[in-house]
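Below is one structure, written out as structure tokens; comments come after it.
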Amino acid sequence: MSEIRVLFVCLGNICRSPLAEAAFRKVSKAAGRAIREINSAGTGNWHDGEMPDPRAIEVGARHGAPIHDLRARQVKAEDFENFTHIIALDTSNLRDLKAIAPSSALDRISLLMDHVPGREGTDVADPYFSDAKAFETCWADVLAGAKELLKAIGN
Ligand code: 4NP
């Protein structure tokens, strides 16, 4: 078992980061990589304790990435101690994380799409106020990010 602990962070922890968590779980399992911990959180607390958005649950289920058991939580101070890789889903999440992180954790924080060649600096777009197609795009983005992140993370 590796000592790698990965945390995905979006705004509400009910759409993008639960899907990123499930996508990373799926690709690491398929690759036979035993990652110590995979989790997700939101920079905001509006949805604390809630299930993921039904549209995110649906798209995850369709792609073999179940998220119905996950419950939303806000990022907390211990996360910056506990996780070796803290992955922001968009650039505003990245900025918000860096603003609250202790300086010792800054080098463990990165943007998901920075790991995907040709997509550096781009956001996984927030699908919350959008339609089902946006959730499908979100899934494709987090899956691409999860695959490249796994490649980038050593054993
Ligand atoms: P997420 O999506 O950050 O991908 O979980 C959102 C969920 C809720 C809200 C915004 C984005 N909201 O404003 O409540």
Review point. How much length is gained on full extension from Ser130 to Ala31, taking 0.36 nm per residue of separation minus their Cα-Cα distance?
Key: 32.4 nm
Check your understanding: With a Cα-only, solvent-free Debye model of region 5-133, what are the log10 I(q)/I(0) values at q = 0.16 Å⁻¹?
Key -> -0.76
Review point. Which residues make up the longest stretch of the chain clear of chymotrypsin sites (Phe, Trp or Tyr not before Pro) that lie in a DSSP loop with no more than 12 other Cβ atoms within 10 Å, not counting the sites?
Key: 47-128
Check your understanding: Which of the GluC sites (Glu not before Pro) across region 95-155 are loop residues per DSSP, with 11 or fewer other Cβ within 10 Å?
Key -> Glu120
**Study point:** region 74-115: mean projected area of Cα convex hull, nm²
**Key:** 2.8 nm²
Exercise for review: Sum up the lysine pairs in the chain that clear both bars: alpha-carbon distance under 15 Å and a spacing of 8 or more or different chains.
Suggested key: 5
Check your understanding: What is the chain's relative contact order, in percent, from Cα pairs under 8 angstrom and six or more apart in sequence?
Key -> 28 percent
Check your understanding: For region 87-102, in order, what is each residue's ³J(HN,Hα) by Karplus, 6.51 cos²θ - 1.76 cosθ + 1.60 with θ = phi - 60°, in whole Hz (x at glycine and Pro)?
Key -> 10, 8, 7, 9, 5, 6, 4, 4, 5, 5, 5, 5, 6, 9, 6, x
Point to revise | Charge context of Asp69, other residues only, Cβ under 12 angstrom, K/R +1, D/E -1 | key: +1
Check your understanding: When the Karplus curve 6.51 cos²θ - 1.76 cosθ + 1.60 is applied with θ = phi - 60°, which whole-Hz ³J(HN,Hα) does each residue of region 27-32 get, with x for Gly and Pro?
Key -> 6, 6, 5, 4, 8, x
Exercise for review: Considering only Gly42, Gly32, Gly12, give the residue with the highest GNM mean-square fluctuation for the chain, with springs between Cα atoms whenever their separation is below 10 Å.
Suggested key: Gly32
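Computed from the coordinates by the stated procedures, all read-outs in this text should not be read as laboratory data. Bear in mind that the values here come from a model prediction, so they are computed numbers and not experimental data. Here Cβ is always computed from backbone atoms with ideal geometry, including for glycine, and neighbour counts include all displayed protein chains.
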